[in-house]
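Read through the structure below, which is laid out as structure tokens, and then see the notes.
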Amino acid sequence: MMNKEQVVYYPTELLNSLNPPRISPYMLNLKVGSSIMLLRNLDPPKLCNGTKLCVSKLMANAIQVTILTDNNNGESIFIPRIPLIPSDMPFVFKRLEFPVRLALAITINRAQDQSLKVYGINL
């Protein structure tokens, strides 16, 4: 961890603007009904990296979500805020955030074993 002298070199605005891979963004704007994707393995095999979820209720330290995958479809669970520490940065810092990201589109690798009933492209 950084000592008090090193903190001066990294202002809060700089740390908040960083968006390292595999870490959720600093500002996560969610609404009830939003589709999100889990970024960490919380409870394998039910809650694995890439699981698609739908936001049911927003709270200060947890998000109530509904699972949208085949095996546990419709099950309601809570996603807590957890400390996330990026490993590929030149310095060490920790964020207490939700391990989720908005799922506007899912890549082929993330969509394995997630069948959709309706699909299409509206151009």
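Table for the structure above
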{"item": "Conditions (1) open to solvent by less than 70 Å² (accessible area, probe 1.4 Å); (2) closer than 27 Å to Pro20 by Cα; (3) not aromatic (Phe, Trp, Tyr): number failed by Asn61", "result": "(1)"}
{"item": "Some residue of the stretch 46-64 being at pLDDT below 80 and assigned to a loop (DSSP other than H, G, I, E, B)", "result": "no"}
{"item": "All positions within the stretch 22-45 that are in a loop (DSSP other than H, G, I, E, B) and open to solvent by less than 40 Å² (accessible area, probe 1.4 Å)", "result": "Ile23, Ser24, Pro25, Leu30, Ser34, Leu39"}
{"item": "Residues (at pLDDT 85 or above, out of contact with any Lys or Arg (no Cβ under 8 Å at 6 or more places or on another chain), open to solvent by 30 Å² or more (accessible area, probe 1.4 Å) and within 22 Å of Met27 (Cβ to Cβ)) located in the stretch 65-100", "result": "Phe78, Pro80, Arg81"}
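The values are calculated or read from the model by the stated rules, or taken from the named source; none is laboratory data. Nothing here was measured: the structure is a model prediction, and the numbers come from that model. Neighbour counts are summed over all protein chains in view; Cβ atoms, including those assigned to glycine, are modelled from backbone coordinates with ideal geometry. In case anyone asks, the SASA skips ligands and DNA or RNA and just uses the protein heavy atoms, side chains included. Shrake-Rupley method; radii C 1.70, N 1.55, O 1.52, S 1.80 Å.
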